[in-house]
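**Q** Let me begin by handing over the structure; questions about it come next.
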Amino acid sequence: MPQSALHPHADGLPAPRRYFAIAVLLLTLVLVVLDGAIANVALPSIAASLHAGPSDAVWVVSSYQLAVLVALLPCGAIGEMVGPRRVFLAGVALFTLASAACAFSSALSMLVAARFVQGLGGGAVMALGVTNLRLCVPHRLLGAIIGVNAMTIAIASAAGPGIAGAILAVADWPWLFAVNVPLGIAVLAAGAVLVRTTGVPRRLDGRAMAANSLMFILFFLGADRVAQSPVTGGLLITASVACFVLLLRIERRSAAPLVPTDLFAVAAFRFSAIASVCCFTGQMLGLLALPFYLQHRLGMRATETGLYMMPWPAAVALIAPLSGWLANRVKTAWLCAAGGALLVIGLAGIGLLPAGPHGATFIVGTVIAGLGFGLFQTPNNRILLLSAPKARSGAAGAMQGTARLTGQTLGAVAMAAIFEIIPLAVAPEVALVLAAIFAGLAALVSLGRVRHEVEG
């Protein structure tokens with residue numbers, strides 16, 4: 001049997017093709033993660049170049065995030081229908097073309113539109129990346145490769161601002177997007193190495209697709225406005241909830257619904273998804289509060305703030321592979337609970353304890369928080385994926401990304417609300433304590449999974 005037509009029950013790709021496929025998938029992941037990170041640094045340059053105000057320029061970032069949210073669940077479903085390799089590579093192609101359009105944009109509206117299309121491609125990559133990894137590696141190595149995946153994300157996120165600064169030091173902002181083009185072409189050229197699988201024939205309901213898109217658009221817009229205009233934001237979020245209810249009604253008889261309610265019937269999947277939302281809410285709250293803590297509580301400059309923020313992603317990168325190794329040997333519910341507890345200790349310690357000389361409490365706290373976050377994420381993602389059958393891997397991967405982005409959005413909304421109602425002098429500490437509470441919820445939810453955990 002040729003390698004391009006692997007039997008669906010084959011336990012991963014043979015070496016060395018397996019390692020080449022993993023490298024292609026991780027390179028694409030780096031590409032997408034970096035693009036989300038570097039755009040933030042470039043916003044002042046983009047605003048000045050395109051004669052736009054700061055509030056308008058923020059949509060360069062927001063449009064990308066919104067598109068990813070809109071695309072994740074539909075791309076997961078389409079990947080199950082036509083094969084994850086096809087949809088993944090289609091996402092890479094769309095991302096690459098949109099990157100070129102971003103580089104040639106001469107107006108803010110053009111750039112925002114191109115970034116939205118880029119986010120649609122990025123959503124396909126995020127939804128099907130882990131699914132393709134699952135197909136590439138033997139079952140015994142899945143925990144380890146998920147750890148490597150988490151480490152790659154952490155390193156790319158940490159390196160993003162530095163890479164953006166280096167590019168902007170020698171070139172204009174369009175080059176931040178232009179560099180994606182040759183890398184995207186390289187991934188497409190190497191895409192044949194990925195596992196080819198036949199999809200599961202089914203009908204994709206257009207009404208469900210529309211309700212899903214409208215649900216996330218209204219939620220994102222409402223979350224963006226709720227701090228400045230609570231009534232308008234609340235109405236938009238209420239409308240988003242109504243779209244969610246409508247979506248569930250449309251798909252109540254579907255065997256493979258867009259929102260994977262069939263997978264939520266599995267206790268291990270349900271607990272993992274809820275815990276992920278809680279953990280990412282706490283993570284985003286913490287990461288948004290920490291720079292303000294450094295600059296307003298400790299009086300640090302922006303350059304010092306950047307250096308003090310590095311221990312968190314460095315700790316995640318350090319612990320992620322070990323976490324993947326442990327996930328094959330220890331009940332993942334206990335690992336996730338321990339990771340959540342460490343995240344609580346790190347965040348609460350910074351928020352409640354004296355800063356110490358040279359911000360010693362901050363450094364120790366962020367290292368502990370990073371170790372906790374890395375220890376939580378790898379086994380939680382592993383059990384979320386393994387509790388879904390292979391035929392529903394696309395939906396499971398898409399739900400993993402949706403849980404992450406939903407939590408991050410909730411964290412950003414909570415941070416904006418804290419800034420609106422609490423004086424800046426104490427707002428970071430309040431946010432850090434609230435972040436610790438969400439991390440604690442993630443730990444408690446994980447403990448609730450002990451009886452239902454799926455191993456092997």
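Values quoted throughout were computed directly from the atomic coordinates according to the rules given, and no laboratory measurement underlies them. What you see is a predicted model; the values in this text were computed from it and never measured. Don't worry about glycine lacking a Cβ; one is built from the backbone with ideal geometry, like all the others, and counts go over all protein chains shown.
**Q** Under the definition of Cα pairs under 8 Å and six or more residues apart, what whole-number percent is the relative contact order of the chain?
**A** 22
**Q** Per the helix-only calculation at 222 nm, which mean residue ellipticity applies to the chain, given -39500 (n - 2.57) for every DSSP H run of n ≥ 4 and division by its residues, nearest 500 deg cm²/dmol?
**A** -26000 deg cm²/dmol
**Q** For the chain, give the magnitude of the charge dipole about the Cα centre (Cβ charges: +1 Lys/Arg, -1 Asp/Glu; no others), in debye to the nearest 20.
**A** With only Lys, Arg, Asp and Glu charged at Cβ, the dipole is about 1320 debye.
**Q** Say a site is exposed when it is one of the trypsin sites (Lys or Arg not before Pro), sits in a DSSP loop, and has at most 10 other Cβ atoms within 10 Å; what is then the longest site-free stretch of the chain?
**A** Result, exposed sites excluded: 1-202.
**Q** How big is D, in µm² s⁻¹, for segment 366-456 by Stokes-Einstein at 10 °C and 1.306 mPa s if Rh is the Kirkwood radius over C-alpha pairs?
**A** 104
**Q** Here is a follow-up. What whole-number distance in Å separates the alpha-carbon centres of segment 18-72 and segment 77-111?
**A** A separation of 12 Å, based on Cα centres.
**Q** Among all helices in the chain defined by DSSP H, which have a length of 24 Å or more along the axis from Cα atoms plus a Kyte-Doolittle mean of at least 1.6?
**A** 17-49, 142-170, 230-250, 332-352, 427-447
**Q** Once you sort the root eigenvalues of the Cα gyration tensor of segment 200-327 as a ≥ b ≥ c, which label holds: rounded (a/c under 1.5), prolate (a/b larger than b/c) or oblate (the other case)?
**A** oblate
**Q** Which semi-axis lengths, in whole Å and largest first, follow from the square roots of five times the eigenvalues of the Cα gyration tensor of segment 259-456?
**A** 31, 17, 13
**Q** Within a 10 angstrom radius of the beta carbon, how do T28, T361 rank from fewest other beta carbons to most?
**A** Final ranking by Cβ density, sparse to dense: T361, T28.
**Q** Could you pull the Rg and Dmax for segment 1-202, using just the Cα atoms, both in Å?
**A** Cα only, segment 1-202: 17.6, 59 Å (Rg, Dmax).
**Q** I'd like the FRET efficiency for A15 and K331, computed as 1/(1 + (r/R0)^6) with the beta carbon distance as r and R0 of 30 Å, rounded to 0.05.
**A** 0.50
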